[in-house]
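I have placed the structure first, in the form of structure tokens, so that the comments after it can refer back to it.
Quick note: the coordinates plus some simple rules give every number you see, no bench work behind them. Bear in mind the structure is a predicted one, so any value in this text is a computation, not a measurement. We place every Cβ from the backbone using ideal geometry, glycine too, and count neighbours over all the protein chains shown.
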Amino acid sequence: MKKHITNLRQSFGIAFFVLASYCSPVSAQQIISVKTKSNALVLQVTPGKELNTIYLGEKLANDFDYVKIQGQFKQGTDYSGIYNAAYTPSGSKNLLEPAIAVTHADGNTSLDLLYVDHKTTTVSTGVSQTEITLKDNVYPIEVHLFIQSYYDTDIIEQWTTIKHAEKGNITLNKYASANLYLKGYNNFYLNQYHGDWAKEMQPEESKLTHGIKVLDTKLGSRANLFQPSVFMVSLDKPATEDDGKVLFAGLEWSGNFRTDLELDPLNNLRVISGINNAAAAYSLAKNTVFTTPKFWYTLSSKGKGHASRNLHDWSRNYKILDGKGSRLTLLNNWEATYFNFDEDKLKVLIADSKKLGVDMFLLDDGWFGNNFPRNNDDAALGDWDVNKKKLPNGIGTLVKTAKDNQVKFGIWIEPEMVNPASDLYKKHPEWIVKQPGRTEHYFRNQLVLDLSNPKVQDFVYGVVDNLFTENPELAYIKWDCNAVIYNAYSSNLKDKQNNFYTDYVTGLYKVLERIRVKYPTVPMMLCSGGGGRVDYAAMKYFTEFWPSDNTDPLERVYMQWEYSYFYPALTIAAHVTDWGKQPIKYRTDVAMMGRLGFDIVVKDLNEKDLTFAQQAIKNYNALSNTIWQGDQYRLQNPWGNDAASVMFVNKSGNEAVVFSYSVNSRYEVGTHLPIKLKGLQAGQNYKVEEINVYPDKKPVVETATYSGDFLMQVGINPNVNSTNTSVVLKITKA
Ligand code: DGJ
């Protein structure tokens, strides 16, 4: 037995053992433990075959210690014995929020889930999967819990499959992806995000009190507009960048989600997350497997920075399309022209892209619709034929002009939508999400197409496929989504309307899957007229996302700071626009923290601004690998400081870049103290030089060599103040 335990301790992944002889008040209990480099999730099968969570936290040195944990808690009585269920059923003895609630084919609403067996497999190097089978002993219903651990990055993903063999359909009234249980902490502090158009990702921290705090969305599409599914929970005390225990988590689902954070009567935290069950009790046919989306989470004992660097590594490796690749810099015409353009105007802008030095020109909204031309946002969505008046020679001539100018060409679409002023609206009213007999409600003058309908899926796929078929050299797609779902009703789903919100999202994924089979690598931006609409299920198909229509660089410092906890820089599209009053240097320096783009009228730039922008793009190209693939350190928080500072260090540690921005314009504000750098090697010397210096200006930081020790212990002053509002430092191993 001892040898067996030792072997388990040495193996990194998942262990299962029966603790018979290890002196514990709980004898002969089955333990299932899932481990990552630093953490362990430990489940226990009770003698009555219930599956409970007994530990989620930093790994203990000895496996046999986990069963001793329970005995140390004197928190009171669990009246059901399943407050800590690994997947809480309802309708039998459960007293708290369930993870799953069903109505059986005969109308009965009870469910017990008992452990049957489990198996562990290796998915790939460092990735293991445990599948646990649970069954009800009265009804033929089977639930499989999947727990996938990514050892090196301390990430765990959980999801569930549900299947039954009852005589008719059953109804899933709730069907969460995961049900976590955190105990052993005095307090829990939730850091959540709220927002609206142009105000996305506003953080809010509060101490969780007893009862349930729900994070959710019911918008159908545009999941993140009011609230994204990502959140943090600090354990014991609010975590800081480098200190404290914190859980980061989010649901991989691009539609309605719901996360319940329940501080239970015993002061422990239950976290139940999944598809939102509001108006979505799912009707499940016999022998059909329902698979929930994945819920990802990571625990850090070294603060938020460590959690986010783990998350970035994990997402670049496993989640983001071309996460290890590069990105294209671009010039977008949206704010330069809005809908008001023609072929000649665009050809000038394409030439401007070359002049600026970016990789690509991106043609935005307004290029389609003839019977209902897209000259405003009130017509033409759905009619994806090139507008002959604006572009008599089609898209092809623009692609060719781009090629002649040695830049690539990308295009905007919003294929999930329809304007009432369109041919499509007249031709296929049955493809549109709307309640029969009720007044239509519009969001940005448009309605949503019913992606639960396979015919609509074909249509949306066709929009993209046709574009590529007609323009094989098309290099990029900006996929927009500017409406929420009102009046949810699908004529395709008939009497299964409650399946709509879920089937809408799976329909979207089916389309994206088909697109990626045929066009596996072409970069695509996940856009949503602001609102974010980003999650790690969507990022399987997209290379980047549009965090907000708000491109005021001061706002972006805060917003990109918050997004960066969850998404690496190469996914965060950041464009230099005319929003805000800041000089082009500040605007560009901020956009360089993400995937750099421009949305300005190049010909309106004065000579120095143009020279600055051209040089900044060259600097960005030289540093982009460090920004996209390096480790990100948040050095100084914009909230509560005069200046923000963010650093990226490449994986080999020989190059870094530090961005510092003033975020306050009051008298004498600035970086009065040096900023301590992170992630360098103490014993190495580094050359520090200022880049992105505006033409004819002197650097505000003198080029010099410092030891890593100095830069990390004492720091360096970027000399940000009301005159030098942003400073970029390049750090190179000497
Ligand atoms: C909303 C996007 O966020 C903008 O960048 C632009 O593409 C417009 N839609 C076009 O309608």
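Points worth noting:
- One decimal place: the segment N654-N376 gains 95.1 nm when fully extended, by the rule 0.36 nm per residue minus the C-alpha distance.
- With a threshold of 30 Å on the Cα-Cα distance, the over-threshold entries among K213/K494; K37/K651; K163/K510; K93/K434; K355/K540 are K213/K494; K93/K434; K355/K540.
- Taking label positions 7 Å along the Cα-Cβ direction at both S80 and Y338, the computed distance is 5.4 nm, reported to one decimal.
- Volume per residue that the Cα convex hull of region 617-734 spans, once the total is divided by residue count, Å³: 100 Å³
- Alpha-carbon centroids, region 194-209 and region 392-453: separation in whole Å: 31 Å
- Part-to-part distance (alpha-carbon centres) for region 253-279 and region 81-155, which is given in Å: 15 Å
- Spin-label proximity, N267 to region 68-83 - amide N less than 18 Å from point 7 Å beyond Cα toward beta carbon: 69-79, 83
- Considering helices alone, the calculated mean residue ellipticity of the chain at 222 nm is -6000 deg cm²/dmol, with DSSP H runs of length four and up weighted by -39500 (n - 2.57) and normalised per residue.
- Candidates per chymotrypsin sites (Phe, Trp or Tyr not before Pro) in region 54-115, loop by DSSP, up to 16 other Cβ within 10 Å: F73, Y79
- Amide N proximity, region 29-46 versus E58 label position 7 Å along Cα-to-Cβ, cut-off under 18 Å: 35-42
- Close amide H pairs (under 5 Å, H built 1.01 Å from N) link N332 with L362, F598, D599, I600, residues at least 5 positions away or on another chain.
- Sorting the Cα pairs of region 523-654 by distance into bins of 5 Å, from 0 upward, gives 2, 10, 20, 23, 21, 16, 7, 2, 0 percent per bin.
- Compared with the direct C-alpha span, the chain from D385 to T161 gains 76.5 nm at full extension, assuming 0.36 nm per residue.
- If the segment from N287 to Y667 were pulled out straight at 0.36 nm per residue, it would be longer than the present Cα-Cα gap by 129.9 nm.
- Computed over the alpha carbons of region 292-360, Rg followed by Dmax gives 19.8, 57 Å.
- Computed from the Cβ-Cβ distance with R0 of 22 Å, the FRET efficiency linking K403 to D423 stands at 0.10.
- Distance from region 39-61 to region 522-565 (C-alpha centre basis), Å: 36 Å
- For a label point 7 Å along the Cα-to-beta-carbon line of D458, residues of region 508-524 with backbone N under 19 Å: 508-518
- Where GluC sites (Glu not before Pro) in DSSP loops with at most 14 other Cβ within 10 Å are excluded, longest remaining stretch of the chain: 1-439
- For region 86-311, the relative contact order is 21 percent, taking Cα pairs closer than 8 Å that sit 6 or more residues apart in sequence and dividing their mean separation by the residue count.
- Size of region 97-185 from its Cα atoms: along the principal axes, largest to smallest, the extents are 47, 32, 18 Å.
- Equivalent ellipsoid semi-axes - Cα gyration tensor, region 86-311, angstrom: 30, 20, 17
- The modelled label-to-label distance for the pair E470/K213, using points 7 Å beyond Cα in the direction of Cβ, is 5.0 nm.
- According to the calculation over all Cα-Cα pairs in the chain, the P(r) per 10 Å bin from zero is 3, 14, 23, 24, 19, 12, 5, 1, 0 %.
- Cleavage-rule hits (trypsin sites (Lys or Arg not before Pro)) in region 30-133: DSSP loop, at most 10 neighbouring Cβ within 10 angstrom: K74
- In a DSSP loop and with at most 10 other Cβ atoms within 10 Å, the chymotrypsin sites (Phe, Trp or Tyr not before Pro) in region 645-734 are Y667.
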